[in-house]
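Read the structure below first, then the notes.
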Amino acid sequence: MVVEEGRVLVAPTSSPLNVEADEVLDCGGKVLYPGFIDSHCHILPSGLDLLKLDLRNCATRSEILDGVASRHRSHPDGWLLAIQYDHNKFADGVHVTRDDLDKISSARPILLRHYNGHCSVANSEALRLAGVTESTPDPEGGEFVRDVSGRMNGVVLEDAHEILWRATPAPALDDMIEAILRAGEKMSDLGITCASDMMTGLFDIETELKAYQIASSKGCRIRTRHYVQWKEVFGPKGVGLERFRELEAGIEDKDRVKVCGIKLFADGAIGSATAAIYGSYSGQPAKGPVISLNAVNTRQEGTSGQLIYAPEKLKAMTMTASDAGYQVAIHAIGDYAIDLVMDAFEATGVPSRHRLEHAMLLSDDQIARLQTLDCFMTFQPEFLLRFGHVYRRQLGEERASSLNRVRSCLDAGLKVSLSSDRPIVPGDPMDGVRSAVSRPEGFVASENITLAEAIRGYTVAGAEANGEAGVMGSLAVGEFADFRLGS
């Protein structure tokens, strides 16, 4: 392969090349691959999480509380923030509560973030600092969970969880830059050369885009692509479309840092029983009937989980971003939410432009409809490796076994890419590749894909999902010469 000014001049070939080069890299018999493209992850949060208490190795309630108490003693000041909390590992599956955390400290705010990023547990001081009282109503698309007496128990779901995290101290610009550099280094070490941040604007859209550009100028080892939260642009407190376009235009090196689209959430996650599904979660009743969704799919069945927006509002928000010329990426894990997202994409008139993120619960009918819509789909096969116990507890063995129907979607000709959603999982693409090629025990093997398909999902298909087909991903002539070496 011949590379000139960072781009492929002569594509990889097995034939000897009679060229003079300023520098020659001998791969030593290893295989040359395109760099991995993680088309759905969270870059800045990954770097910031390195400073928080990590509870991923805690399997019991007592281990969680002991870990928090130890952190409280060793780091006594400010908010005590923890990540990778998972109540599904407990024998009874019952959450830690605010009272449990208050026993560690009632004077200091403590907040445990669930591994899935859609749920947290707060102590009383954290609730107070977030302005939450017993009379605070549930936000649209969220819930302050209460015990049988009606008292808040500290568990907060979806938009209620966001209210708590917005109350925590925002990182300064220098902290953001350092976090991006740290995250980029770790991802590059795994062979990732480009990553799509799926929640840019978590703290402040202008500061974050500035931080990414400065990090890039300081040598960030990955290209970053950005899907900005809808509310940060179009919401009542957003910067507005005109200012957002100015921010986009002001990015100097768009080869390194680029805005690709707008991000929305349709539902929650399976682990916190907030993914919007037909039927019920194990041991829980369905909330109520869904009479009619659309002309294609009419069902009368109970639903469970949490819709972040009412169906018509989701459709209107999607159309607003689409009409402004942006690709829209929508998080939808449950089959009920997926139907609503397909309705929204169809309403834009250009469904093939947009992205369906996760799509973990899919029926045959939905796959057939997706063929018509021709939208992009992004799966996270590493989820099956890390969270099988969660899915079986929440959905039961049979329903959980068919999650992530990658094989069926590829056979239907759908546009499928693979990604990590880090820091939800560690995010080594090879773990994702292995999980896609040989699904972990408990998941049907009929949805396995080939090694070549999995590699494509993390390279060419990732570029396509980001709207950069022919720009990177295959080491074809003219593409970025982003590559890695494998055995």
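The values are calculated or read from the model by the stated rules, or taken from the named source; none is laboratory data. Just so you know, these numbers come straight off a predicted model, no measurement behind them. Positions of Cβ are backbone-derived with ideal geometry, glycine not excepted, and every protein chain shown enters the neighbour counts.
What the table below lists for this structure:
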read-out	value
Enumerated strands (runs of 3 or more DSSP E) restricted to the stretch 139-253, each holding at least 2 residues that are on the phi > 0 side of the Ramachandran plot and of a type in the set (G, A, S)	none
Among the residues listed as A126, A59, the single one being in contact with a Phe, Trp or Tyr (Cβ under 9 Å, 6 or more places away or on another chain) and loosely packed, with under 15 Cβ neighbours inside 10 Å	A59
Criterion: without any contact (Cβ under 8 Å) to a residue 12 or more places away in the chain and of a type in the set (S, T, N, Q) - qualifying residue of T60, T97, T133	T133
Selection count, the stretch 438-486, where residues are within 28 Å of K254 (Cα to Cα) and among the polar types (S, T, N, Q)	3
Given (1) closer than 22 Å to A266 by Cα; (2) touching a residue at least 24 places away in the same chain (Cβ under 8 Å), number of the condition P236 does not satisfy	(2)
Residue under evaluation A170, criteria (1) more than 20 Å from the chain's Cα centre (by Cα); (2) modelled with pLDDT of 95 or more, criterion not met	(2)
Search result, residues across the stretch 408-454 that are farther than 24 Å from L485 by Cα and polar (S, T, N, Q)	S408, S446, N448
Residue within the stretch 190-199 that is more than 26 Å from V425 (Cβ to Cβ) and either assigned by TED's automatic domain parsing to the domain that holds L356 or in contact (Cβ under 8 Å) with a residue 40 or more places away in the chain (or both) present	no
Hits in the stretch 122-138 - residues which are among the charged types (D, E, K, R) and not in a loop (DSSP other than H, G, I, E, B)	E125, R128
Residue in the stretch 267-280 that is of a type in the set (S, T, Y), modelled with pLDDT of 90 or more and surrounded by fewer than 16 Cβ atoms within 10 Å (Cβ to Cβ) present	no
Lone qualifier among V19, V8 - being on the phi < 0 side of the Ramachandran plot, of a type in the set (A, V, I, L, M, F, W, C) and surrounded by fewer than 13 Cβ atoms within 10 Å (Cβ to Cβ)	V19
Unique residue being modelled with pLDDT under 95 and either surrounded by fewer than 24 Cβ atoms within 10 Å (Cβ to Cβ) or touching a helix residue (DSSP H, G or I) at 6+ places or on another chain (Cβ under 9 Å) (or both) when the list is F234, F203	F203
Any hit, the stretch 35-51, residues being surrounded by fewer than 19 Cβ atoms within 10 Å (Cβ to Cβ) and aromatic (F, W, Y)	no
Boolean, H72 is more than 30 Å from P311 (Cβ to Cβ) and either within 26 Å of the chain's Cα centre (by Cα) or surrounded by fewer than 18 Cβ atoms within 10 Å (Cβ to Cβ) (or both)	yes
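Residues checked against (1) over 30 Å from L356 (Cβ atoms); (2) in contact with a Gly (Cβ under 6 Å, 6 or more places away or on another chain); (3) among the aliphatic types (A, V, I, L, M):
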position: D38; (1), (2), (3): no, no, no
position: L44; (1), (2), (3): no, no, yes
position: W79; (1), (2), (3): yes, no, no
position: I83; (1), (2), (3): no, no, yes
position: G93; (1), (2), (3): no, no, no
position: L101; (1), (2), (3): yes, no, yes
